[in-house]
Every structure is written in structure tokens, then in C-alpha cells.
Amino acid sequence: MKKTLFDKIWDAHVVESIPDGPDILYIDQHLIHEVTSPQAFNELKERDIPVFRPNKIVATADHNTPTENQHLPVKDLLSRKQLKELSQNCEENNITLYGLGHPYNGIVHVMAPELGITQPGKTMVCGDSHTSTHGAFGAIAFGIGTSQVTQVFASQCLLVEKPKRLRVNVNGDLKKGVTPKDVILYVISKLGTNSGTGYFCEYAGDVFENMSMEGRMTVCNMSIEMGARGGLIAPDQTTYDYVEGREFAPKGEEFDKLKAYWETLKTDEGAEFDQEYSFDAEDIEPMITYGTNPGMGIKITGAIPVEGGKSDAKALSYMGFKPGESLIDKPINYIFIGSCTNSRIEDFRMAASYIKGKKKAENVNALIVPGSRQVAAQIQQEGLDKVFEEAGFKLRQPGCSACLAMNDDKIPEGEYCVSTSNRNFEGRQGQGSRTILASPLTAAATAVAGKITDFTKSLN
Amino acid sequence: MEKFTTLQDTAVPLEVENIDTDQIIPARFLKATDKAGFGENLFKDWRFDKDGKPVEDFTLNQDQYSGQILIAGNNFGCGSSREHAAWALKAYGFKVVVSSYFADIFKGNALNNGLLPVQVSPEFLDELFLAIRKDNKESFKVDLENQKIEILSSGKSENFAIDAYKKTCLINGFDDIDFLVSKLDAIKKFEEKQTQMREAAIQ
């Protein structure tokens, strides 16, 4: 039978199928962090169950961590306690932890790929919905709840029903100034936030084939924002080139053997999908959101839709926008370039290339937060730090930061923030904050103009 | 896990679509390292204004609505995977959440905590909201064995789907951890076989 990429990986990981029930799915790689693991460790302790495969787990500290003075004790006592418990739990259970200050520390979905932990054909889970990011490598990666974190600790397996197959095709050439973030914001705006519920989404077509690994990660990262359990892209030469030579990637003969296996993972010609959508790259323009879910997006020069239900009115009232309105020239006080969606080196190169030689507007607070210590080091090596500093941007230490505002990096009530993160939910970046999602390029242009601007006219 | 069989009770309506888990439990309350105490922060920023005063027009603050059933708009529980959302709903006192659609991770989290997600058609969801609007003390019966939800005064009902395995777990109060631990031998055998399977795929 002809199989999809998703089927091939899933089927190779089923330990057993329960009649009329879920599959026992084997998990190759479990990633954990400080927020969704403590209750899982407690549960194990209470039941006196050991961690079954500690060598298949990697931990990092990211959600709660400060982005300044990381060498000092964490000021917030609850955060400090959570980070301390993570260290203790990892130590007691022989789990590798890249904690605050470690050269490998960073946002879980940034550090695992850059260390070569993320590989094609793997099944990967983490107590974080944006685990879908790792699908960029042709892996089945998805977010789980804390009870499931406990299940994986206890058995390295999960009881899960196999999702249905969805394919999103985008073909053609992207216009100047249109980035991977715009592609995924466009797809979600067309399909809606629950179009992917119950599905695993494969992205196919030359737009994704021509994309860098960083771009593919941005796209797969936001699969969850259309409700899909995960997104994935078939591994190819771009993938192998990215993985090869990284710290924990297979080496030499082992790499060649695995690569031969990875090459078999492509969706077979004629394999069937339960749902399929196609878009033309030429129709995509730089995107921004106007509402309180990531599906509420328009092209930057577009207008807020006039028709809408009761919940749309609630969202517009929260955002202080009106139906039919354009967002061009709206003054913006904050921009945030960071999060597991857009905090990789390519994102900062993109922002810096626009900012170079310019200054941020007086009214804007511009926050730049790398996704990992390694990205931070690259920023320094490439001299991007000077570009940001000379333009008046604040370059911070790595972490999830103002994406979900669990640390001190919060947007004040009522203020607008153009953010490269993945969610514009009410209060996501701080109580009462108003988030407009966009690409790093749009965020950089907004910071320079001090307002939302159609920067595509000024691109060479 | 607590057992669930049937529940007959009044309900709280929350007629908002796409309610994400950031609203159910905002991120700033996720710093706890145990499962207790999330109920008081359920829908915190919708329930209370910034001075901590209850928001009058939010249904959870309105005395005319009560009960262990929450009836919410389409696509409930989207967004973050935080299980704290299920813990908060449970701790507040809800045992059933009804919507016309649930996000996958939330649905799994709810089921793992004995909180029953009941997915109904958009038309029946409208019927449910209408019934509460007509009489805020309307009772609803949720029968897991027969997979049925009923509006008691009118007798109108609809069947809902649930995974057979999950249904058994809920009715008996079992959970997945015990089951998986009982399968460790099969899991170890699978691990031994995994490399061979990869090699077979290349040929």
C-alpha cells in the first residue's frame, strides 16, 4: 500500500494497537522543561515507578528564565523553585539537563535541533504544544499534557489514537519580503484555527522544498495554531546538511546508514490524504494579525474583515480595532523578536539586514531575544549585536521571554506589540497586552517606522 | 482517577468561540510544582478585573448559573498544551465540558483527569444554549455508558462519540500509566526490533 511520510514514521513506532482503542506509540526522544514536568515527576514518585529510559530524555530551562543577569540567582521565588526542582528531578533520575548558563541552554524547540538531537524519522514529544516545530526534519513531533509526560517517563511510550492525514501544498515563487512566517500566517488565516484538529499536516510543494531548515521550523512550529497535532516536511538534502556534524547527530558510517533510511521516508506517489489544500505562493504577502487568535490575519496592506461573529467582535474590542480598518500607520510601542517560532540565527540576520544603518523610532521598545546560547554566540560572531545596539534595540539573553510572559518580559496593559511569537491570545504577553503577530522583517520595519508600515516598497 | 458514569446537573454557559488555554489558566499561574490550587485562578482575567473585583457580566460570576457542566463555544481548549487548564476546570468543580469542537491536546488532558469532554453538533450546542437562556435552572443529563446528553425538560438529546478505551478508563477510574507499565516487556522487545525494522525499510 502507498504510504505517506506520516504513516511510514508512525507505523514504524507502533508497539501494539489496542482493539477499538489507541496505539501504543514508542517515543524516540522526550524533551522536558521546568513548567510541565514537576507534577509528572511527583506522580512517578508517589507511584514508586522509575524513569524507564532516562537516556532518551533531554531537559532544558526556558519558560521561566530571566533574560538579564542569568549568572545571578533568579529573583522570582516561584520560578527559582521550579528551576531548582527541575535540576533535582534530573539529577535524581539521571536525565541530561542543559540548565540556565549551560552553553547548550535555550528554548527547547531551538536547542534540540541545533544540537542534532532532532532527526528525521524520530518520534518526539514534549509537554509544550510547539513541539510540532521538530516536524521540519521529517519527524513526528507533538505536544503532550503532563499526564502524558508521566506516561513517557514510565514507559517511553504513549497511548494515542493515530491522527488523520492532511496535506498543505504551496507552489510557486514567493514575492520579495515574504518570509516563512508569512506563509504559515497566510495558510492559517485561510483555513482557520481548528481546520487541522484531528490531523497531522504534511507541508509539500516547492515553497517548502526551497525553504531553509530555519524557515521550515517556523512553519511547522505554527501547525498547532491551526489545530493540527503536528506538521512535517519530508527530509531532503537541506535536512541532511543541517543535521550532519551537529553535536549529537550520528557520525560517519552510522550517519550514512541512517541517511539511507531517511531517504525512504518520502510520501509515496499517489498516497492518499484525508484532506488536502493547495495555495499559490504568488498570492502571499507579508501578513499581520488583527485579532486574538492566530487565524485572524490579513496581508499587511489589507483591511480587517467586516463580517464576523460575536467572538470576533469581542476580539476586536480587546484589540481596540474596528471592522474594515487598515492597520497601516498604527503607532506601535513594542516589538519582540524571539520565541520558538522566530529566534534562530536566520531570523536575526533578516531583521539586522533591514535595521543596519537605521535607528528605531523613539516611541518603540525593541526587544531582541535569541532562542539559545548558541544563537546568542552566533549573533556576536557575526556582529549583529552591534547592528541591533546601534539602532537602539535591546539584545537580551536567551529564553521564551515575552512570548508567554512567564518571566519579567511583559508588555504593559493596553500597549501594542508586533511580535514574532506564535500566539496573540488575550493577555498572552502580559495582562491586557495586545499582540500583533508578524515576521521578524515586519517587526524590524515596525520598530524603525514606529508604526505598522508597508515596508515592501522600500525593499531592493 | 475519579470514576465517571452519569451526571445530572444544571450548567454554566460560556458562549465564546476559540477559548484558548491561556484564558482558562493564564501563564503566570503555571509556576506551581503541584496540581493543587488552580481552581481559584480559572478564567482569572475574565472573572476578575485588574483590581481583583469580579467582572459582573462574566457567566461564572452570575448567581443564576451553577452546576458541574460547562457549555462553551466552538473549538474549546485550543492553544497551549498546559494540563493546568484541565486541573483548573476540575478543581473549580466542573466534571463535564460541552462544546461543538475540542482541541486535541486539551481533549486528551481532560480525559486523563476524569473531566469528560462532550462534543455535540453545532445545532445541538445552539439548542443547549437556548435551553439555558430560557431557563437558567435547566438540568442536563450526561450518560457516559450510553454516550448521550439530554436536555431534561424537553427530552431532546444527542449521542456523542468517545474512544472505547477512554470510555472504559473513565467508567472504571483507570489510567494509562498502569496500563503502559504492564506492557514494559512488549516495549523492550520493540526496542530490540527497532533497528532491524529500519534496515528492512531500506531494502
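The values are calculated or read from the model by the stated rules, or taken from the named source; none is laboratory data. Since this is a predicted model, take the numbers as computed values, not measurements. Cβ coordinates were reconstructed from backbone atoms using ideal geometry, including for glycine residues, and neighbour counts include every protein chain displayed. Side chains included, ligands, DNA and RNA excluded: accessible areas come from the protein's heavy atoms. Shrake-Rupley method; radii C 1.70, N 1.55, O 1.52, S 1.80 Å.
Some notes on this structure:
- The GluC sites (Glu not before Pro) of the stretch A:371-411 that DSSP puts in a loop, and whose beta carbon has at most 14 other beta carbons within 10 Å, are A:Glu382.
- Relative contact order for chain A: 17 percent, from Cα pairs under 8 Å spaced at least 6 residues apart, divided by residue count.
- Qualifying GluC sites (Glu not before Pro) for the stretch B:21-119 [loop in DSSP, other Cβ within 10 Å: at most 10]: B:Glu56
- Cross-link table B:Lys107/B:Lys134; A:Lys3/A:Lys259; A:Lys8/A:Lys410; A:Lys176/A:Lys330, entries beyond 31 Å C-alpha to C-alpha: A:Lys8/A:Lys410
- Debye log10 I(q)/I(0) at q = 0.10, 0.14 Å⁻¹ for chain B, Cα point scatterers: -0.48, -0.84
- Cα-based convex hull, the stretch A:1-141, per residue volume (Å³, whole number): 130 Å³
- Looking at the stretch A:1-147, the DSSP beta bridges with both ends there are about 20 percent antiparallel.
- Label-to-label distance for A:Asp206 and B:Asp126 is 4.5 nm, based on points extended 7 Å past Cα in the beta-carbon direction.
- Rounded to the nearest angstrom and listed largest first, the equivalent-ellipsoid semi-axes of the stretch A:305-407 from its Cα gyration tensor are 31, 17, 11.
- In range of the label at A:Lys175: residues from the stretch A:285-327 whose backbone nitrogen is under 15 Å from the point 7 Å along Cα→Cβ: A:285-288, A:298-303
- Computed over neighbours whose Cβ is under 9 Å from that of A:Cys201, the net charge equals +2, Lys and Arg +1, Asp and Glu -1.
- Interface burial for B against A (accessible surface, 1.4 Å probe, total of both chains, Å², rounded to 100): 5300 Å²
- Estimated from helices alone, the mean residue ellipticity of chain A at 222 nm is -8500 deg cm²/dmol (sum of -39500 (n - 2.57) over DSSP H runs with n ≥ 4, per residue).
- Label reach from A:Lys2 (point 7 Å along Cα→C-beta): in the stretch A:247-286, amide nitrogens under 20 Å belong to A:263-279.
- Cα-Cα separations in the stretch A:352-442 greater than 14 Å, expressed as whole percent: 66 percent
- Translational D in µm²/s for the protein assembly as shown (Stokes-Einstein at 20 °C, 1.002 mPa s, Kirkwood Rh from C-alpha pairs): 85 µm²/s
- Extent of the stretch B:1-118 along its three principal axes (Cα atoms, max minus min coordinate, largest first): 39, 34, 24 Å.
- Solvent-accessible area of A:Leu72 with every protein chain in place, 1.4 Å probe, in Å² to the nearest 10: 80 Å²
- List of the stretch B:65-81 residues, accessible area with partners at least 10 Å² below that of the chain alone (1.4 Å probe): B:Asn74, B:Asn75, B:Cys78, B:Gly79, B:Ser80, B:Ser81
- Loop trypsin sites (Lys or Arg not before Pro), the stretch A:146-254, which have at most 13 other Cβ atoms in a 10 Å radius of their Cβ (DSSP): A:Lys176, A:Lys251
- For the stretch B:94-151 and the stretch A:118-192, distance of Cα centres in Å: 28 Å
- Of all DSSP beta bridges in the protein assembly as shown, antiparallel share, percent nearest 5: 30 percent
- Ratio of the Cα radius of gyration of the stretch B:1-68 to 2.2 N^0.38 Å, where N counts its residues: 1.28
- Lysine pair number, Cα distance threshold 21 Å (strictly under), the stretch A:9-154, separation 8 or more or different chains: 5
- Gain on full stretching of the segment that runs from A:Lys457 to A:Arg349 - 0.36 nm per residue minus C-alpha separation: 36.9 nm
- Ratio of the Cα radius of gyration of the stretch B:62-155 to 2.2 N^0.38 Å, where N counts its residues: 1.06
- 11 Å beta-carbon shell around B:Thr33, net charge (K/R +1, D/E -1): +1
- Annotation: for a label point projected 7 angstrom from Cα along Cα→Cβ of B:Val181, residues of the stretch A:34-61 with backbone N closer than 17 Å are A:39-54.
- With Cα atoms, 0 to 90° folded angle of helix B:122-134 axis to chain B main axis: 30 degrees
- Distance between modelled label sites at A:Asp241 and A:Ala260, nm, 7 Å Cα→Cβ extension: 2.4 nm
- Using bins of 5 Å that start at zero, the share of Cα-Cα pairs per bin across the stretch A:292-356 amounts to 3, 13, 19, 20, 17, 14, 9, 4, 0, in whole %.
- Per residue, the stretch B:15-144 exposes 36 Å² of solvent-accessible protein surface, assessed with a 1.4 angstrom probe and all protein chains in place.
- With distances taken between every two different alpha-carbon atoms, the stretch A:168-294 has a Kirkwood hydrodynamic radius of 15.8 Å.
- Placing +1 on the Cβ of every Lys and Arg and -1 on the Cβ of every Asp and Glu, with no other charges, gives the protein assembly as shown a dipole of roughly 1040 debye about its Cα centre.
- For the stretch B:21-76, a crude dipole built from +1 on the beta carbon of Lys and Arg and -1 on the beta carbon of Asp and Glu, taken about the Cα centre, is about 260 debye to the nearest 20.
- Residue (of A:Thr435, A:His33, A:Gly270) at the positive-pole extreme of chain A, dipole from beta-carbon charges: A:Thr435
- Estimated FRET transfer efficiency when R0 is 41 angstrom, pair A:Asp268-B:Gln64 (beta carbons, to 0.05): 0.10
- Sorted largest first by accessible area at a 1.4 angstrom probe radius, with every protein chain in place, the residues B:Lys166, A:Lys162, A:Lys386 fall in the order A:Lys386, A:Lys162, B:Lys166.
- Considering only alpha-carbon pairs that sit under 8 angstrom and 6 or more positions apart, the relative contact order computed for chain B is 25 percent.
- Legend: calculated FRET efficiency, B:Asn172 to A:Glu16, from the Cβ-Cβ distance at R0 = 30 Å, rounded to 0.05, equals 0.90.
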